[in-house]
Amino acid sequence: MGPVMRTLPLPGGETVPVLGLGTWYMGEDASQFDHEVSAVRYAMDRGIRLIDTAEMYGNGGAEEVVGAAINGMNAAERDDLFIVSKVLPSNAHYDNVIRACENSLNRMGTDHIDMYLLHWQGAAPFQETLDAFETLKSSGKIRHFGVSNFDSADMAEWLRCDGGKATATNQILYNLSRRGVEWDLLPNCKKIGVPVMAYSPLEQGRLQGDPVLAQIAECHGVTELQIALAWVVAQPNVMAIPKAVNPKHIDQNIAALEITLDAQDHALLDAAFPPPTGPSHLEML
Ligand code: NAP
């Protein structure tokens, strides 16, 4: 079993790979479309099964990239994938969720989304969104649902709603430079059995050039961002969805799963990127 196959269990017991591929900024420029489709296909050929997208990305363009990448797959190949998409808060009222999901399915040319998330909290009552998620689940259009950018208070409110306890993930900003969630959100998610999906695990590339990462990377014979990614996926109950279009980056991210950080590495990283010493507002990008 290759490193990509390391998995985390969802609340119902189904497992999801700890490493996926993000698609933000894909589908924005028609001249890059074929290149981005090739990148998603390349990632899938290398064993990536978890693909993260959203109706927001490129105004549906990223879902079209995913759709083109999976076009022509047979049912078994499609079922081997785990596709995550998200509904915008502005579409989170009941009828709009149903319509937004249909639109996402059409753009991707698939009959189901494996996990459908509320992208962040908006004005729609949680119960309405949840009722729509339940309807979509009953009709087989989504297999799981969850939330994104929810802090502990949002999670508690969502879980109190009818059906909220079926929530399969909370997708949040988490990387070495964004450790505030370790104070309460990560422990709370672990306690209630909700796995966390870390977005922007490379801080969109901004972690590159950090001297401590460079020092550790040199010892391991890898790159700074591979160390940053290895650190995220080493956290319990956390999966990561780095976005990469460059095939070299895709290969490096997959290889990062094989990096084992030792106690000294962790001590250096904790000194350079200290864990939180108190509560803070949930950051988002
Ligand atoms: P990210 O994954 O932290 O960073 C992506 C950037 O890093 C790209 O510029 C990519 O370049 C580069 N990169 C990737 N692997 C690399 C490597 N091994 N070495 C050097 N550079 C590398 O940032 P992100 O796209 O913001 O986050 C990942 C995904 O999370 C998104 O694509 C999206 O699916 C999701 N997300 C969700 C939310 C939310 O609100 N739920 C918010 C933000 C992101 P290339 O593309 O040129 O390879």
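Values in this text are rule-based calculations from the coordinates and carry no lab data. None of these values were measured; they are calculated from a predicted model. Every residue, glycine among them, receives a Cβ derived from its backbone with ideal geometry; neighbour counts consider all protein chains shown.
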Members of region 189-245 found to be within 6 Å of the ligand (Cβ to nearest atom), part of a loop (DSSP other than H, G, I, E, B), crowded, with 20+ Cβ neighbours inside 10 Å and of a type in the set (A, V, I, L, M), listed by number: 202, 241, 244
From 62, 43, 68, 39, residue being touching a helix residue (DSSP H, G or I) at 6+ places or on another chain (Cβ under 9 Å) and surrounded by fewer than 22 Cβ atoms within 10 Å (Cβ to Cβ): 68
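Per-residue answers, yes or no, for (1) of a type in the set (Lys, Arg); (2) in a strand (DSSP E or B); (3) more than 23 Å from residue 34 (Cα to Cα); (4) over 18 Å from the mean Cα position of the chain (by Cα):
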| residue | (1), (2), (3), (4) |
| --- | --- |
| 59 | no, no, no, yes |
| 63 | no, no, no, no |
| 73 | no, no, no, yes |
| 77 | no, no, no, yes |
| 98 | no, no, yes, yes |
| 116 | no, yes, yes, no |
All positions within region 163-188 that are in a loop (DSSP other than H, G, I, E, B), under 27 Å from residue 137 (Cβ atoms) and of a type outside the set (Phe, Trp, Tyr): 163, 167, 168, 169
Which numbered condition residue 122 fails, given (1) part of a loop (DSSP other than H, G, I, E, B); (2) touching a residue at least 40 places away in the same chain (Cβ under 8 Å): (2)
Test: residue in region 39-49 that is closer than 22 Å to residue 111 by Cβ, part of a loop (DSSP other than H, G, I, E, B), more than 11 Å from the ligand (Cβ to nearest atom) and free of Cβ contacts under 8 Å to residues at least 60 places away in the same chain: yes
In region 158-188, residue nearest to the chain's Cα centre (by Cα) [restricted to those that are under 19 Å from residue 280 (Cβ atoms) and away from the ligand (no atom under 15 Å from the Cβ)]: 186
In region 138-157, residue nearest to the ligand (Cβ to nearest atom) [restricted to those that are assigned to a loop (DSSP other than H, G, I, E, B) and under 17 Å from residue 285 (Cα atoms)]: 149
Subset of region 18-36 [of a type outside the set (D, E, K, R), in contact with a helix residue (DSSP H, G or I) (Cβ under 7 Å, 6 or more places away or on another chain) and assigned to a helix (DSSP H, G or I)]: 33
Candidates 40, 84, filtered to the one that is touching a Gly at 6+ places or on another chain (Cβ under 8 Å) and hydrophobic (A, V, I, L, M, F, W, C): 84
